[in-house]
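Scroll down for the structure; my scribbles are underneath it.
The values are calculated or read from the model by the stated rules, or taken from the named source; none is laboratory data. Model, not experiment: these values are computed from the prediction. In this analysis, Cβ positions are derived from the backbone assuming ideal geometry, glycine residues included, and neighbour counts consider all displayed protein chains.
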Amino acid sequence: MENIAFRSRFTNNPDEGRLCFFEANKHIPFAFKRVYYTYGVKEGIIRGHHAHKALEQLLICVYGAIEIMCDDGEKKEYTVLDDPAKGLYVVRGIWRTMKWLKDDSVLLVLASEYYDESDYIRDYDEFIRLAKEGYWKR
Ligand code: TYD
């Protein structure tokens, strides 16, 4: 997993805020075909609980704070996303959960492929079996 800081622009007036941007294959290491976002989630709720066979994703908390747990089958890494100027690049074959640390935090996801339920692994035992047999060969 890799933390990516986006390019940003701001004016001399801090009240005007910041504008962040990134371009596929330039500022982030893949091209995205799909964008989705999750919102209206209460603090303490944990979503995710799945891995992907091939999908790569960039996770951005555009508002609030969300803790991302990434498990490669051997170790778990925890990352708090609480800055819209940063994203977490999650490669294929990672079991992930996303825990809302604040009500109404918004998780924006850029995905390398169109939606395909057959790319999901929703059973943790199956994920561990595939990881151990070297399905992703890290
Ligand atoms: P899911 O990826 O399981 O969400 P989370 O990991 O946040 O809990 O998706 C929830 C539901 O939405 C599931 O039925 C699949 C559907 N879905 C789509 O139809 N298209 C999409 O692009 C995504 C991400 C999900």
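Anything in segment 61-85 that is among the charged types (D, E, K, R), more than 16 Å from Ile46 (Cα to Cα) and buried (at least 16 other Cβ atoms within 10 Å of the Cβ)? List them, or say none. Result: Asp72, single match.
For segment 33-60, the set of residues classified as farther than 21 Å from Phe6 by Cβ and surrounded by fewer than 20 Cβ atoms within 10 Å (Cβ to Cβ) consists of Gly40, Lys42, Glu43, Gly44, Ile45, Ile46, Arg47, Gly48, His49, His50, Lys53, Ala54, listed by residue number.
Which of the residues spanning segment 72-106 are part of a strand (DSSP E or B) and under 18 Å from Phe22 (Cα atoms)? Matches in segment 72-106: Leu81, Lys86, Gly87, Leu88, Tyr89, Val90. Within segment 107-138, being in a loop (DSSP other than H, G, I, E, B) and either charged (D, E, K, R) or surrounded by 10 or more Cβ atoms within 10 Å (Cβ to Cβ) (or both) holds for Ser112, Glu113, Tyr115, Asp116, Arg122, Asp123, Glu133, Tyr135, Trp136, Lys137, Arg138.
Taking residues in segment 89-101 that are closer than 15 Å to Gly134 by Cβ, and partners anywhere that are at pLDDT below 95 and within 11 Å of the ligand (Cβ to nearest atom), not one pair has Cβ atoms closer than 7 Å while being at least 6 places apart or on different chains. Considering (1) out of contact with any Asp or Glu (no Cβ under 7 Å at 6 or more places or on another chain); (2) closer than 27 Å to Ile128 by Cβ, the lone condition that Tyr78 does not fulfil carries the number (1). With respect to the conditions (1) at pLDDT 95 or above; (2) at negative phi; (3) away from the ligand (no atom under 16 Å from the Cβ); (4) over 11 Å from the mean Cα position of the chain (by Cα), Gly134 lacks only one, and its number is (2). In the set (1) farther than 21 Å from Ala65 by Cβ; (2) within 14 Å of the ligand (Cβ to nearest atom); (3) out of contact with any Phe, Trp or Tyr (no Cβ under 9 Å at 6 or more places or on another chain), the condition left unmet by Arg34 is number (3).
When Lys76, Lys99, Lys33, Lys53 are screened for being under 25 Å from Trp136 (Cβ atoms) and under 14 Å from the mean Cα position of the chain (by Cα), only Lys99 passes. Scanning segment 60-92 for residues that are within 16 Å of the ligand (Cβ to nearest atom) and at positive phi turns up just one, Gly64.
Please verify whether segment 47-57 includes one or more residues that are part of a loop (DSSP other than H, G, I, E, B), farther than 22 Å from Gly134 by Cβ, touching a Phe, Trp or Tyr at 6+ places or on another chain (Cβ under 8 Å) and within 16 Å of the ligand (Cβ to nearest atom). Scanning segment 47-57, I find no residue that is part of a loop (DSSP other than H, G, I, E, B), farther than 22 Å from Gly134 by Cβ, touching a Phe, Trp or Tyr at 6+ places or on another chain (Cβ under 8 Å) and within 16 Å of the ligand (Cβ to nearest atom), so the answer is no. Within segment 9-30, track down each residue that is surrounded by 13 or more Cβ atoms within 10 Å (Cβ to Cβ) and touching a residue at least 12 places away in the same chain (Cβ under 8 Å). Once the filter is applied, which keeps residues that are surrounded by 13 or more Cβ atoms within 10 Å (Cβ to Cβ) and touching a residue at least 12 places away in the same chain (Cβ under 8 Å), segment 9-30 yields Cys20, Phe22, His27, Ile28, Pro29, Phe30.
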